[in-house]
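What follows is a single structure, written as structure tokens, with notes after it.
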Amino acid sequence: MSPLLYRPDWEAARERLTLWWNGGDIGRPAMQITVPREEPWETLSEVPMPEGWVTDYSTRDMDYHVYVHLRGLLSREYLGEAVPTTNPGDLAPNCLALYLGCRGHEMPGTVWCEPFLDDLEGAQFDYDPDNFYWRFTQEAIRRTLDFGRGKFLIQFPDLIEGLDTLAAARGTQELLMDLIRKPEQVHRCLRQITCLYFRYYDVLYDLIRDEVGGSVFWAWAPGRMAKFQCDFSAMISPAMFAEFMGPILREMTERVSYCMYHWDGPGAIPHQAVLLEIPRLTMLQWTPGAGAPPTYDRHWFPLYHQVLDAGKKLLVGANCREHLEEFKREFGEQAKQMMINCSAPSREEGEDWLRLMEC
């Protein structure tokens, strides 16, 4: 095993993460701490911004697209279990929908997917090796790997799956009606989407896995890592979530080695019981949603206790020493099941936070 240029002590961090993911005790929570770096890790040849550049998600100008992702890595240091990683293949918050037929529309700072299914009757999703977005993802990853091998890791694109992907293809309002009027067609389409998810995932995993077979999706894990979600769940009942997404999530968690669930917003809270009953769902990542208290607010602590008491891991954020102290006081030994993401003002403070969280 070898270190990474942008994380010279990566081997030790990887060993701790391997232990942590597999239920071992590293003496504290897993900590993803980044801090500013005075001097960049190396100097990049500048690539001028092309005319008409809109966002760092998707562009036909591959050189600048890759450059933007590389540039973002240079001036940060990585402490605890943080890993230098970039995501050049990410074209939208639902890449799978683009690969399956949606068209991406760029706007400043974002991109959205245009639905293309007029009806679920007869709808057929297929693997298209010549899809523009799929080819772009692979080429962007390959070019970044050519530059970055031995320096940093590549993260999975935000594929997304299940009802979120079907809603992108069909339209949210239309899919809500389909759940009631055509449930059998919804199930049929979800089966196709799940099969195709892994058709794409497997290619990407072979591209980005590291020398021990580990991979990254918001966190490095020592095997096939994935992030699952269902933001659409905020609009349906727990019974519907259990019927349509429960089986999908069970299957998908069984087809990877490690995974987290992006649990997004108060509207998703009613589905907690279903999530906690999925045996292979390793970790929940709580996102409070716009206008809600942040992840380190005590308002959410009862939810966190339920997650930890169920034997799941929990990914949350903090942004100062006081938040970390409160996590430690509240959760004690159970805090070791948590992964905490934070950005410290300096290396000295980041190292202090690591010592603080030792149990």
If we keep only residues of the range 110-130 that are loosely packed, with under 14 Cβ neighbours inside 10 Å and touching a helix residue (DSSP H, G or I) at 6+ places or on another chain (Cβ under 7 Å), then the residue farthest from GLU184 (Cα to Cα) is TYR127
Out of LEU204, LEU179, which single residue is hydrophobic (A, V, I, L, M, F, W, C), closer than 22 Å to THR282 by Cα and modelled with pLDDT of 95 or more? LEU204
Tell me, please, whether a residue that is surrounded by fewer than 16 Cβ atoms within 10 Å (Cβ to Cβ), free of Cβ contacts under 8 Å to residues at least 12 places away in the same chain, not polar (S, T, N, Q) and not in a strand (DSSP E or B) can be found in the range 139-154. yes
Quick check on the range 88-106: of everything there that is surrounded by 22 or more Cβ atoms within 10 Å (Cβ to Cβ) and closer than 28 Å to TRP10 by Cβ, which residue is modelled with the lowest pLDDT? LEU91
Do you know which residues across the range 9-31 are out of contact with any Asp or Glu (no Cβ under 6 Å at 6 or more places or on another chain), within 12 Å of VAL212 (Cβ to Cβ) and either hydrophobic (A, V, I, L, M, F, W, C) or not in a helix (DSSP H, G or I) (or both)? TRP10
Free of Cβ contacts under 8 Å to residues at least 60 places away in the same chain, farther than 20 Å from GLY89 by Cα and hydroxyl-bearing (Ser, Thr, Tyr): is that true of SER257 in this structure? yes
Only residues that are surrounded by 13 or more Cβ atoms within 10 Å (Cβ to Cβ), out of contact with any Ser or Thr (no Cβ under 8 Å at 6 or more places or on another chain) and in a loop (DSSP other than H, G, I, E, B): list them for the range 307-343, please. ALA310, CYS320
Do any strands (runs of 3 or more DSSP E) entirely within the range 62-126 hold 1 or more residues that are on the phi < 0 side of the Ramachandran plot and in contact with a Gly (Cβ under 9 Å, 6 or more places away or on another chain), and if so, which? 76-80, 110-114
What tally of residues in the range 208-225 results from selecting those that are under 16 Å from THR86 (Cβ atoms) and of a type in the set (Asp, Glu)? 1
When you scan the range 78-89, do you find a residue that is more than 30 Å from TRP353 (Cα to Cα) and either in contact with a helix residue (DSSP H, G or I) (Cβ under 9 Å, 6 or more places away or on another chain) or not small (Gly, Ala, Ser) (or both), even just one? yes
Test TYR304 against the criterion of being at pLDDT 95 or above, crowded, with 20+ Cβ neighbours inside 10 Å and in contact with a Phe, Trp or Tyr (Cβ under 6 Å, 6 or more places away or on another chain), and give yes or no. no
Residues of the range 1-56 being out of contact with any helix residue (DSSP H, G or I) (no Cβ under 9 Å at 6 or more places or on another chain), of a type in the set (S, T, N, Q) and within 29 Å of MET283 (Cα to Cα), in sequence order, are THR18, ASN22, GLN32
Could you check GLY150 against (1) out of contact with any helix residue (DSSP H, G or I) (no Cβ under 9 Å at 6 or more places or on another chain); (2) under 15 Å from ALA123 (Cβ atoms) and say which number it fails? (2)
Contact list please: Cβ distance under 7 Å, first residue in the range 344-359 and surrounded by 15 or more Cβ atoms within 10 Å (Cβ to Cβ), second residue assigned to a loop (DSSP other than H, G, I, E, B) and not β-branched (Val, Ile, Thr), pairs at least six apart or on different chains. GLY350/ALA344; TRP353/ALA344; MET357/ARG28; MET357/PRO29
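The values are calculated or read from the model by the stated rules, or taken from the named source; none is laboratory data. The shown structure was predicted, so the numbers you read here are calculated from the model rather than taken from an experiment. Glycine gets a Cβ as well: all are built from the backbone with ideal geometry, and neighbour counts include every protein chain shown.
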